[in-house]
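Below: the structure, in structure tokens.
The values are calculated or read from the model by the stated rules, or taken from the named source; none is laboratory data. The model shown is predicted, which means the values in this text are computed figures rather than measured ones. Ideal geometry is used to build each Cβ from the backbone, glycine not excepted, and the neighbour counts take in all protein chains shown. Surface accessibility is based on the protein's heavy atoms, side chains included, excluding ligands, DNA and RNA. Shrake-Rupley method; radii C 1.70, N 1.55, O 1.52, S 1.80 Å.
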Amino acid sequence: NKKRQYVKQSDIKKYLKSCDYLLLLGERSNGKSFSILSKCCEDNLKYGYEFVYIRRFDEDLKQKRASKVFDNLIKNGLIEKFSNGKWNSVHYYAGCWYWKKTDKNNPKESVIDDTPFAYALSISSYEHDKSTAYPNVKYIFFEEFLSRNYLADEFIEFQNLLSTIIRLRDDIKIFMAGNTMNKYSPYFIEMGLKNVKNMKV
């Protein structure tokens, strides 16, 4: 049995300098999403960089699921650490996440930031977001990009969504995380990636 390898934020910082797309592939619960979200949140609180969180279907971004995206960061105290105690939680509303300060002794007295730090978008309904501008977005994170059920012309739809977000900018980094190593993926084919399982970093 091979020892489980965990993805660290330091790994992401190392490779992000030399690429526009960073694909993180591997088994579940090895820290891919945790490290990506940590990087995005830390940079928002340090530099004001916003980010877009992408899923394939609208269903994945409903209130119940989307409100839990940052739970591990909250439980591990990273939001509080990155913000120097100003925030300790997040609030999800209408496709956006906002920083939140919750008083443990009086939860009803929570304070929510006015400006979102992250936006939720799905490939299946990107058409509805064509007119929206994202001038402060620095990162895009597509979670669970590998699937057994892809949308029709999904890679094209994904690129169209990216165009909607990026516009004419050239400074945005794109994270893509996947758990299941399928032999077939339109992303591997379109990106010219062959024999992915045996590729070395």
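Which whole-percent values make up P(r) of the stretch 1-82 when all C-alpha to C-alpha distances are grouped in 5 Å steps starting at zero?
Pairs per bin, as whole percents: 3, 12, 19, 25, 22, 13, 5, 1, 0.
One quarter of the convex hull surface, Cα atoms only: what value does that give for the stretch 12-155 in nm²?
Its average projected convex-hull area is 9.9 nm².
Please give me the summed charge of the neighbours of Arg55: other residues whose Cβ is under 12 Å from its Cβ, Lys and Arg +1, Asp and Glu -1.
So the surrounding residues net to -2.
Find the centroid of the Cα atoms in the stretch 120-146 and in the stretch 14-71, then give the distance between the two in whole Å.
So the two Cα centres are separated by 12 Å.
Output the relative contact order of the stretch 100-192, whole-number percent, from Cα pairs under 8 angstrom with separation of 6+ residues.
Relative contact order for the stretch 100-192 comes out at 31 percent.
Assuming a strict under-13 Å limit between Cα atoms, what lysine pair count do you get for the stretch 49-180 once near-sequence pairs (fewer than 8 apart, same chain) are dropped?
Lysine pairs, 8 or more places apart or on different chains, close enough: 5.
Just to confirm, what accessible area per residue do you get for the chain at 1.4 Å probe, in whole Å²?
Value returned for the chain: 59 Å² of accessible area per residue.
Around Ser35, what is the net charge, scoring Lys/Arg as +1 and Asp/Glu as -1 over all other residues with Cβ under 11 Å from its Cβ?
Local net charge: +2.
Given +1 on the Cβ of Lys and Arg, -1 on the Cβ of Asp and Glu, and no further charges, what dipole in debye does the chain carry about its Cα centre, rounded to the nearest 20?
1080 debye
Do any trypsin sites (Lys or Arg not before Pro) in the stretch 99-201 lie in a loop, going by DSSP, with at most 15 other beta-carbon atoms within 10 Å of their beta carbon, and if so which?
Lys104, Lys130, Arg148, Arg167, Arg169, Lys183, Lys194, Lys200
For Arg167 and Lys62, FRET efficiency with R0 = 30 Å and r from the beta-carbon atoms, rounded to 0.05?
Plugging the Cβ-Cβ distance into 1/(1 + (r/R0)^6) gives 0.60.
Share of the stretch 34-130's accessible area from carbon and sulfur, percent, 1.4 Å?
Carbon plus sulfur share of accessible area: 44 percent.
Give me the one-decimal nm value for the distance between modelled label points at Gln159 and Asp114, 7 Å along each residue's Cα-to-Cβ direction.
4.1 nm
Run the simple label-point estimate for Asp71 and Asn149 please: 7 Å along Cα→C-beta, distance reported in nm.
Result for the modelled spin labels: 2.2 nm.
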